[in-house]
Amino acid sequence: MTDYFAHETAILDEGCQIGKNSKIWHFSHLMPECTLGKNCNIGQNVMIANQVTLGNNVKVQNNVSIYTGVVCEDDVFLGPSMVFTNVMNPRSAVNRKSEYKNTLVQKGATIGANATIVCGNTIGKFAFIGAGSVVTKDIANYALVMGNPARQTGWVSEYGNKLDFNSDGIAICTGNNEKYKLEGDSVTKIG
């Protein structure tokens, strides 16, 4: 008896690990050696490759492919049809499996619909990547980025609201009243 749900059309290869209370929906494919934490939700038509790790409570929306080299920590949201890469210069006739570059998506980050994450980068904790953005470099914790290439346009709270900092570098989230401090190019939650 399993302690997760998988739709009858899902393909779960031998050797994949699926955490308690996770759900895998229509036409999704989990390859050997991938790991899903507890309470994950894997949407329709998702592919999770070998050696991918998803933490607890990761939400993967429809039509996302997660390739070898990607690690998503707890509470990550991957929007519909967003894309990861794992090779910088792919060619059909050249085998570059030994050149895969890792991508880390840290706790609580959101990646919007149709965004592209170029391999070899880290998306910081609670960062928010706008829909359709193309990420070509590391993204700071709490950063709000958008565009092609993605550029930082502000900061967001753990709740997901845009932060407006006063002259003392303090912002209060309008969603849950948590307090944040901006110092230089970094934000920290202070209460």
* Structure fact -> Inside the stretch 1-37, the number of residues satisfying the requirement of being in a loop (DSSP other than H, G, I, E, B), surrounded by fewer than 17 Cβ atoms within 10 Å (Cβ to Cβ) and touching a Phe, Trp or Tyr at 6+ places or on another chain (Cβ under 9 Å) is 4
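Results for (1) free of Cβ contacts under 8 Å to residues at least 40 places away in the same chain; (2) closer than 17 Å to residue 66 by Cβ; (3) hydrophobic (A, V, I, L, M, F, W, C); (4) surrounded by fewer than 13 Cβ atoms within 10 Å (Cβ to Cβ), shown as yes or no for each residue.
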residue: 100; (1), (2), (3), (4): yes, yes, no, no
residue: 133; (1), (2), (3), (4): yes, no, no, no
residue: 160; (1), (2), (3), (4): no, no, no, no
residue: 164; (1), (2), (3), (4): yes, no, no, yes
residue: 168; (1), (2), (3), (4): yes, no, no, yes
* **Wholly enclosed strands (runs of 3 or more DSSP E) of the stretch 104-175 bearing at least 2 residues at pLDDT below 95 and of a type in the set (Phe, Trp, Tyr)** => none
* Mind telling me which of the residues 110, 103, 122, 153 ends up being among the hydroxyl-bearing types (Ser, Thr, Tyr) and farther than 18 Å from residue 75 by Cα? => 153
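The values are calculated or read from the model by the stated rules, or taken from the named source; none is laboratory data. From a predicted model like this one, the values you see are computed outputs, not experimental measurements. Because the Cβ atoms are built from the backbone with ideal geometry, glycine has one as well, and the counts that use them run over all protein chains shown.
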